[in-house]
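Quick notes on the structure that follows.
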Amino acid sequence: MTRALVIIDIQQDYFPGGANPLVDPEAAAEAAATLLGHFRAAGEPVVHIQHIWDAPDATFMRPGTPGFEIHPLVAPLPGEPLVQKEAPNAFLGTDLEKQLRDAGWDDLVIVGMMSSMCVDATVRAAADLGFSVTVAHDACAAPNLEFEGTALPGELVHASFMAALADGYARVVGSSELIERG
């Protein structure tokens, strides 16, 4: 198995001042950047994912806006694949699966934003497609949500989705554990 780091949607709109800020995205981006540095130093592959919302009613991730840009902490280097997607699941409507399989990358480490949407959808799809999946939980972030009048803080949203993914879809660990294990 060859391991690859998949960085999902760590884009400016998710940070303070952006159109859809998450809870503590800076800490998640820093953990993702540390993992990215580790993968690059080890010569391990990295794939970047960028969400595009190009509808007339789009409220964030609109091409041509500053919020659409990938955060500088995890920006792709020349030669690192960048997959643009229009759905939460990074495999849907993209060539991500083909790129991964053609390169022989079948052990995925996934990080990114949002835990409750694009990370969740992509992790589940990857597992369903037969990839081995690990999520670095501290390199992901979620929004505050509400359901039937109940306010759910982002930390609880994130923890709930990580717990659900750990229950059969992925190994969920901290970024420091991934780095320690090599």
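Cβ-Cβ distances below 6 Å connect no pair with a first residue in region 142-159 that is under 10 Å from LEU22 (Cα atoms) and free of Cβ contacts under 8 Å to residues at least 24 places away in the same chain, a second residue that is open to solvent by 60 Å² or more (accessible area, probe 1.4 Å) and in a strand (DSSP E or B), and a separation of six or more residues or different chains.
When residues in region 88-101 are screened for being in a loop (DSSP other than H, G, I, E, B) and surrounded by 16 or more Cβ atoms within 10 Å (Cβ to Cβ), 5 of them pass.
Within the option set ALA121, ALA127, being more than 16 Å from ALA32 (Cα to Cα) and over 12 Å from the mean Cα position of the chain (by Cα) holds for one residue only, ALA127.
Identification of strands (runs of 3 or more DSSP E) wholly contained in region 116-182 with 3 or more residues that are β-branched (Val, Ile, Thr) and touching a helix residue (DSSP H, G or I) at 6+ places or on another chain (Cβ under 9 Å) yields 132-141.
Can you say whether THR65 is of a type in the set (S, T, N, Q), at pLDDT 95 or above and crowded, with 17+ Cβ neighbours inside 10 Å, as far as the supplied structure shows? When the stated conditions are applied, THR65 does not pass them.
Scanning region 66-87 for residues that are in contact (Cβ under 8 Å) with a residue 12 or more places away in the chain and either of a type in the set (S, T, N, Q) or part of a helix (DSSP H, G or I) (or both) returns PRO66, GLY67, PHE68, LEU73, VAL74, GLN84. For the condition at pLDDT below 95 and among the acidic types (Asp, Glu), GLU180 qualifies.
Taking each residue of region 10-35 that is closer than 13 Å to ALA141 by Cα and open to solvent by 40 Å² or more (accessible area, probe 1.4 Å) and looking for partners that are small (Gly, Ala, Ser) and part of a strand (DSSP E or B) with beta-carbon atoms closer than 7 Å, six or more apart or interchain, yields ASP24/ALA141.
The values are calculated or read from the model by the stated rules, or taken from the named source; none is laboratory data. Every value quoted in this text rests on a predicted model; they were computed, and no experiment measured them. Because the Cβ atoms are built from the backbone with ideal geometry, glycine has one as well, and the counts that use them run over all protein chains shown. SASA here: full protein model, heavy atoms, side chains in, ligands and nucleic acids out. Shrake-Rupley method; radii C 1.70, N 1.55, O 1.52, S 1.80 Å.
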